[in-house]
1. Can you tell me how much longer the chain between GLN171 and HIS228 gets when fully stretched, taken as 0.36 nm per residue apart minus their C-alpha distance, in nm with one decimal?
2. Between PHE98 and MET33, how high is the FRET efficiency from 1/(1 + (r/R0)^6) when r is the Cβ-Cβ distance and R₀ = 25 Å? Nearest 0.05.
3. Please report the net charge: other residues with Cβ closer than 10 Å to the Cβ of TYR91, K and R +1, D and E -1.
4. Provide the net charge surrounding LEU39, with neighbours chosen by a C-beta distance below 14 Å and charges set as Lys +1, Arg +1, Asp -1, Glu -1.
5. Compute the Kirkwood hydrodynamic radius of the chain, taking the inverse of the mean of 1/r over all pairs of distinct Cα atoms, and give it in Å to one decimal.
6. From zero up to wherever the largest Cα-Cα distance of segment 158-248 sits, split into 10 Å bins and tell me the percent of pairs in each.
7. For segment 95-104, take each phi angle, set θ = phi - 60°, evaluate the Karplus expression 6.51 cos²θ - 1.76 cosθ + 1.60, and give the result in whole Hz per residue in order, putting x for glycine and proline.
8. At 0.36 nm per residue, and after removing the present C-alpha to C-alpha distance, how many nm does the segment from LEU245 to MET1 gain when stretched out fully?
Amino acid sequence: MEELLYSFAPITLDEMSGVKLMNRTDTKFVTSMPMLIRLLEMAQGDYYAQEIDGERNMLYDTTYFDTRDYDMYKEHQHGHANRQKIRFRTYVSSHLQFMEVKTKNNHGRTKKKRIEVEDMNLDDQQKREFLAKTLRFDADTLIPHMHNYFRRITLVNKAKTERLTIDTALQFNNVQTHTNKDMGPLVIIELKRDGMAFSPVLEMLRTLHIHPHGFSKYCMGAAMTNSHLPINRFKQKLRDVELILNKE
């Protein structure tokens, strides 16, 4: 895959800053590594690959926090339209770490706010002020729950109206249960595009029979590594993932 990835024309972070996507829609897809190889072969002529210091497949390190009672997980599991997540994400190659709050509203739009941090200590003033403005949960109730690693490829279409993130080599570690889960060949693709602008990759995905499929890394990871959590709403998605894992 690395050789195929380097056949794409590169795009830098500065060049990507012009891809604003102000009226953004996000769509996720779940597939396997063999299908990803076929998709990359089809996409070479229509997309740039993000490159930072010669690297195109970046390592991400993320820790999700939740309340002691898993309130954020339960909001998602019960299908609440207005919900939030908080995470610390480290971009391993650049040694940058951010605390991020994602808020999804009842129109399906997701807003992300973040600040750069040096650690995950929630006691310092900067983090508490940020959380007071962005999170509707009390900072004193938050503890780390789910840790994950994955590698991310970012593609940008030649018209610069969309970004495609491709996550592979996903691993979960549940901080509370100490249970690990290696997701092996699973691939998570997210298409972020400007409104209803033409997307070259959508036709490629249809050709490969890769269909839209929600996948929250926090919720799915928690559901697979903590047997005490309710999973009713996630049962079909969990079955779909197991089919991909067992097919390889």
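1. Details: separation 57, 0.36 × 57 = 20.52 nm, distance 2.02 nm.
This chain segment gains 18.5 nm when fully extended.
2. Details: r = 28 Å, r/R0 = 1.13.
My answer for the efficiency is 0.35.
3. Working: positive: ARG89, ARG152; negative: ASP61.
Every neighbour counted, the sum reads +1.
4. Numbers: positive: ARG38, ARG206; negative: GLU41, ASP46, ASP167, GLU190, GLU203.
Computed value for this residue: -3.
5. Numbers: mean 1/r = 0.0525 Å⁻¹.
Hydrodynamic radius (Kirkwood, Cα pairs) of the chain is 19.0 Å.
6. The calculated distribution, bin by bin, is 14, 41, 29, 14, 2.
7. So the J values, rounded to whole Hz, are 6, 9, 10, 10, 9, 10, 10, 10, 10, 9.
8. 86.0 nm
The values are calculated or read from the model by the stated rules, or taken from the named source; none is laboratory data. This structure is a prediction, so every number in the text was calculated from the model and none was measured. All Cβ positions, glycine included, derive from the backbone under ideal geometry; neighbour counts span all protein chains shown. Side chains included, ligands, DNA and RNA excluded: accessible areas come from the protein's heavy atoms. Shrake-Rupley method; radii C 1.70, N 1.55, O 1.52, S 1.80 Å.
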